Every structure is written in structure tokens, then in C-alpha cells.
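Only the coordinates and a few stated rules stand behind these numbers; no lab work does. Since the model is a prediction, treat every value here as computed from it, not as a measurement. Glycine gets a Cβ as well: all are built from the backbone with ideal geometry, and neighbour counts include every protein chain shown.
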Amino acid sequence: SVNDELLAKEFLGDFNTRAMDVYSKSAFKAWDYNTNITEYNREQMVNSNLETAVFSKDMSGYANAFDQTGFTTDTKRQLDSIRYIGSAALPDEELEELENILSGMESRYSTGKPCEAGTCYSLEPDLTRIMATSHDYSELYWAWNAWRAEVGAPAREDYTRYVELKNQAAIANDQPDAGAYWRSYYEVDNLQEITEKLYDELQPLYEQLHAYVRRKLFNRYGADYINLRGPIPAHILGNMWAQSWSNLYDICEPFPGKQAVDITPALVEQNYDALRMFELSDEFFESLGLIKMPQEFWDHSMIEKPDDGRDVVCHASAWDFSNQVDFRIKQCTDITMDDFITIHHEMGHIEYYLQYKDLPVVYRGGANPGFHEAVGDVLALSVSTPKHLKEVGLIDEVVDDQEADLNFLMSIALDKISFLPFGYLMDQYRWGIFNGTTPESKFNEDWWKLRLRYQGIIPPTTRTEEDFDPAAKYHIPADVPYIRYFISFVLQFQFHETLCEAAGQTQELYKCDIYNSTDAGTLLANMLKMGSSKPWPEALDAIIGSTEISAQSLINYFQPLIDYLKEQNEMNGDTVGWAEMYTPKDPE
Ligand SMILES: O=C(CCC(O)(O)[C@H](Cc1ccccc1)NC(=O)c1ccccc1)N[C@@H](Cc1c[nH]c2ccccc12)C(=O)O
Ligand SMILES: [Zn+2]
């Protein structure tokens, strides 16, 4: 083996040039498929991925040939990132089988359209709107079941083979199973302990919110459907996966009519379209002195669902074409507050791409995947404040008192606190499948065990192993890890706290809006520019001055609401938790 660092650096330079070309070609093929799902585009993408895998295998071989003794940390880090190549480590036949399973599962999910009485319903926007706006128990029941029958159960066979191939690939990358391979992105040997500790700290907040919301749902749906000491039926929480409850704000509002926080009506009234929502988001990024979206972004992004009958992957995503020029968002934008927030989330990914685009390709990633998910959400915390929404004309007046503050905190908690158990359990579930704890015979049973244990929800109707409900959530058939979002929801409040200080904002954290603060923007940008060139505690230290991820900032942010929820739950004599099992009545 070669112990020559000059030769290694020459190899890394050559790799970087060739990798940009190879990754770029396959990114464009994937883009063509995602924005026009046809058999031809699927095959083109699969073949391009197979070619990329040949390149990755070759490069991994070269990188492995170096004896790294005496090499600098940076050279070692770059070589190591080339050595581990994911599914490309599979033999050709298995890799092709896996690529076909992946594109097949993605197609099934993205083209799924359950029909009823001659009308067919897409997930976005049709079923999403029903889940968000309907108060009719049986209509929600239909939508919830129809989606799972259409894209859940049929995915089960593919998923079983997917798990085998993913584990085979992990072993070829010196990892015991695919869950271990996913966790290795975080470069710590105790990720499960870190996330479990964070969850234990945050669980008390969730169970207070759960008890409060259960009471409100009891008032709406009655004792036939809600047990005040039990779990909540999964289909009445305003979201297809019960993962964020912001659409329940109308029944959760602490002081009705005191302070408007839902801007969906204003967006529609003021004739906002997707482009204008994107421009408003970009303007916030620019106000911090961050890099604005390049012209290619505006020329080639897909920000609306096409109306020419094409099938597309509607689930939002942000794309880096590895050529330092092309960066795009693909989103089927609906004119809602939810989608305005998602625009900031996606644009946060693009900002990260822009900040690290001149690093070596191997360093063009988040400090860890949670960092990438947090960027846009941090800015959205400022954008969501009544102060900022008034500044951009989306609400008429700011009411500045304790009651209005609690209304606002409730609206944010219904997104952020409700999400925590879901963000935590999604990969608990898949880690359990990959390491064999959950056998195929219990795929659905173990999913609902976790959904009960962490979210305190139950299916509205009996489920069996004929079903495969996890596949009704994009990230499962799309092979996208999820613990990144749980980590992001913790990190984003630490980032928010620090950026608010940098912006000279001294009042309560939940009132902070960093708009126009280039001091905050510079602090953020300096961390983003690091990409994944250093272990993530160093990037964390660069922005917040500590290497420790901590739930304390999130708890600080929500403290007034936590006190309110405890007081309300006590006043209502509600027990916190969901110990009492029961079966909700079937809808008529
Ligand atoms: O899935 C997303 C947004 C999509 C994404 O931006 O995270 C996207 C997912 C994806 C990954 C890989 C292939 C295809 C889609 N991730 C990216 O575009 C991305 C960009 C850069 C680096 C890594 C991922 N959000 C999650 C988590 C979430 C819950 N509530 C939210 C509110 C705002 C933003 C996100 C969420 C969800 O919808 O369940
Ligand atoms: Zn994301």
C-alpha cells in the first residue's frame, strides 16, 4: 500500500474533478425522473446510478490502497469518505435489483391516487387538504384508510427485499446492519443514547400537549371516539401521519380571536402564488446577508405541481447538481402557511449548498444530517412571529400581551412539540427492522406499538399484517433516514437562541425576529461554510460556542406555554398520559 501523502492529494484532486462530473450527470437524470415519472426516465435514472456505482467502487479501491500513517487529518477524512460507498458496494446484480426496488417504491408512493365514487384523490393537494380542514370523523377515516390501502400494503413485499439488500450493502461497508450504517453519518458511537436522553427531557412537554389536545378533540368528537385517559385516534390530528398538529389550532387557541396567527387566509386574499411565496422567503435570507438564490434556481426549479397530467414526486426536496452552478427546489406548493414554512425549510437546504459549494465534493454536506434540516427552520422561527408577519403585511396588527403570546406559542407548539415523538420513533422503527428485532411478521404490529408508546395514538380501525402502514409515509419507501429531523428540531432552537443574541434581541426568545441582522447571518454563514469538513461538534461550537446538543433552548422557548398547559390540564382534571386502552367506535 502507498504511504505517500503527495500522491494521495493528487488522487483527491483528480477524484474531485471526476466526481463532480459523474454526480452531476446522475443528478440531472434523477431530476428528469422526479419531475416526469415515466418508465423511460426511470430506466435512464437507474442506469445512470449504476454507472455512478462503478465509479464509486473504483475510487473506493484507490482510496483503500493508501496507508494513511502520518497523513494529515484532512487527507485522512477525505480518503475515508471515499472508502465508504453505500449500496454501490453491492455486486452488480444486487445493486440493479435494489435500484429497481427503490424507483418502484418511489413511483408507487408518488403516483398513488385512491378513488371513491368516480373521483380520484392525490396526496398533494387533495388528501392533504382533507386531513387539514375536515372535521368529519368518517371523511377523515376514509382518507386515512384509502391512502394506506393504496400505497402502504402494496409496498410490503418490496420492503422486505429492500431490507435484505440494504443490510448486505452495510456489511460490505464494514457495518453490522443498515441502521448502523445510517448512524455512522453522525461519527459518534452513542447516537442512540444521545437521542434517547433528548427524548426523555422532551417527553413531559409532549404529554402535556397531548392531554390538552385530547380534551379539545373530546369536545369536538365526543366520548364515542375519544377516551380522556387513552390514546387519540390517528386520523383526526390534522395531518395524514399525525406528525404535526398545526391544523388543530382553531380548537386549541387559548384565547379565541385575541391574535391571528394563521396566515393561510391572508396568503389567499392577497393573491399570493408559489413564486411570490418563494420570493418572500428569499428576501428574508438576503436580509441576513446570506447568498441569494441564483438565476438558475429561478429558471429551473419546479415550485408548482404541473397541470399537464405529468406524474411527479411531489414530496418537497432541494437539489445540488454538484456542478457549483445548478441548485433547485422541487415542491408542489399549495397556498398555505404549512407550505410557506416548508419553502423556508427547502431554501435552507439551498443556502447550505451555496455556502459550501467551493469545498471539495466530499465535504459538500451538513456537519451532520440534522444540521442540514435545521437551517431553514431557524429562519422560519423568526418569520412566524406576529411581529414579522405584520412587517410583511400578512397580519394587520400585533397584540402585545400575555394572552396573545400564548396564542402564538400554541401555534408553534402544535408544529414543533407534536412532531418530537414522531421524529424520534421513525428510525427507532427502522433500526429495529435492520438489526432483526422486528421480523417481517411484525412489520405492522411493531409500527403501531411505537406509535402508541411515543405518540399516544392508535389506528381508527383494526390493523393486521395484511397492512404496511409505515410505507404510507414518504421517507420509508423513499429510503430517507429520519432521526435527522428529531435532531434538527432540537438544534434549531439552540441556533435560534444564539442568532437572536447576535442580533441584539434581548426579550423573550419566542418574540425574537432576526430579520435584517447581518451579524446573525454572518455567524450562521461561517458555520455553513464548513460543510462536513469537520466533525459536527466543531461546527456546533463555531456557531453556539458549545459542542453539546441540548434540549434546554427548546424548553426555554416554550416555558410559558408549558406552564399554561399544566394549569389547563389540572383545571380540567385531565390525567396526563394514555394508559387506558380502548377501541374507538367505527364511524357510521
Ligand atoms: O421531508 C421533509 C421535507 C423534505 C426534505 O427537505 O427534508 C428532503 C427530503 C428528501 C431527502 C432525500 C431525497 C428526497 C427527499 N430533503 C432534502 O431535500 C435534502 C436536502 C439536502 C440534504 C439532505 C436532504 N420534512 C419532514 C420533516 C418535517 C416535519 N415538519 C416539517 C416542517 C417543515 C419542514 C420539515 C418538516 C416531513 O415532511 O416529514
Ligand atoms: Zn429537509
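Only the Cβ atoms of Lys and Arg (+1) and of Asp and Glu (-1) were treated as charged; on that basis the dipole of segment 400-452 about its Cα centre amounts to roughly 520 debye. The GluC sites (Glu not before Pro) found in segment 268-321 that occupy coil by DSSP, while having at most 16 further C-beta atoms within 10 Å, are E304. Rounded to whole numbers, the Karplus 3J(HN,Hα) couplings from phi for segment 329-342 are 10, 10, 8, 8, 5, 9, 8, 9, 4, 3, 6, 5, 5, 5 Hz, using 6.51 cos²θ - 1.76 cosθ + 1.60 with θ = phi - 60°, and x at Gly and Pro. In this Cβ point-charge picture (+1 for Lys and Arg, -1 for Asp and Glu), the chain has a dipole of about 600 debye about its Cα centre. Seen against the Cα atoms of the chain and their longest principal axis, helix 73-83 is set at about 80 degrees. Farthest towards the positive end of the charge dipole of segment 456-574, among the residues S546, A472, Y564, is the Cα of S546, using unit charges on the Cβ of Lys, Arg, Asp and Glu.
Sorting 238-251, 376-389 by their mean Cβ neighbour count within 10 Å, with the most densely packed peptide first, gives 376-389, 238-251. Pull up the DSSP beta bridges for the chain and report the antiparallel fraction as a percent, rounded to 5. Bridges in the chain are about 60 percent antiparallel. So how tilted is helix 137-151 from the main axis of the chain? Cα-based, degrees 0 to 90, rounded to 10. The two axes meet at around 20 degrees. One equal scatterer on each Cα of the chain, no solvent, Debye formula: the resulting log10 I(q)/I(0) at q = 0.11, 0.12 Å⁻¹ is -1.11, -1.35. Placing a label point 7 Å from the Cα of E43 along the Cα-to-Cβ line, the residues of segment 88-112 whose backbone N sits under 17 Å from it are 96-97, 99-101, 103-104. Here is the list for segment 223-286: trypsin sites (Lys or Arg not before Pro) lying in DSSP coil, each with at most 15 other C-beta atoms within 10 angstrom of its C-beta, are R229. Amide H to amide H, with H built 1.01 Å from N, T438 comes under 5 Å of I433, counting only residues 5 or more places away or on other chains. Of the residues F493, Q175, T575, the one whose Cα sits farthest towards the positive end of the charge dipole of the chain is T575 (charges of +1 on Lys and Arg Cβ, -1 on Asp and Glu Cβ, taken about the Cα centre).
For the pair C120 and T464 in one chain, pulling the backbone fully straight at 0.36 nm per residue adds 121.3 nm over the alpha carbon distance. Amide hydrogen proximity for F66: with H placed 1.01 Å from N in the peptide plane, the residues at 5 or more positions away or on another chain lying under 5 Å are V2.
Placing pseudo-labels 7 Å out from each Cα toward the beta carbon at K585 and E96 gives an inter-label distance of 5.8 nm. Every helix of 4 or more DSSP H residues in the chain counts as -39500 (n - 2.57), and over all residues that averages to -18500 deg cm²/dmol at 222 nm. Here segment 403-547 is treated with +1 on each Lys and Arg Cβ and -1 on each Asp and Glu Cβ, and its dipole about the Cα centre works out to around 260 debye.
Could you tell me the distance between the Cα centroids of segment 152-196 and segment 1-76, to the nearest Å? Value for the Cα centre distance between the two parts: 22 Å. Here the Debye sum runs over all C-alpha atoms of segment 264-378 as equal scatterers in vacuum, and log10 of I(q)/I(0) at q = 0.15, 0.16 Å⁻¹ comes out as -0.66, -0.75.
Could you tell me which of rounded, prolate or oblate describes segment 181-275, using a ≥ b ≥ c as the square roots of the eigenvalues of the alpha-carbon gyration tensor, with rounded for a/c under 1.5 and, failing that, prolate when a/b is larger than b/c and oblate otherwise?
Oblate, because a/c is 1.5 or more while a/b does not exceed b/c.
Taking Cβ separations below 4.7 Å as the criterion for a possible disulfide partner, the isolated cysteines in the chain are C252.
Here the 3J(HN,Hα) profile of segment 243-248, calculated from phi with Karplus coefficients 6.51, -1.76 and 1.60 at θ = phi - 60°, is 9, 8, 10, 4, 6, 8 Hz, Gly and Pro shown as x. Taking amide H as placed 1.01 Å from N in the peptide plane, the amide H of I232 sits under 5 Å from that of I457, I458, each at least 5 places away or on another chain. Cβ-Cβ distance of T160 and K390, R₀ of 51 Å, FRET efficiency by 1/(1 + (r/R0)^6): the value works out to about 0.45.
Taking the charge dipole of segment 184-223 about its Cα centre, with +1 at Lys and Arg Cβ atoms and -1 at Asp and Glu Cβ atoms, the residue from Q208, A223, L198 reaching farthest to the positive side is A223. The phi-based Karplus calculation (6.51 cos²θ - 1.76 cosθ + 1.60; θ = phi - 60°) puts the 3J(HN,Hα) values of segment 414-427 at 5, 9, 8, 6, 5, 6, 3, x, 5, x, 7, 7, 3, 8 Hz, whole numbers, x for Gly and Pro.
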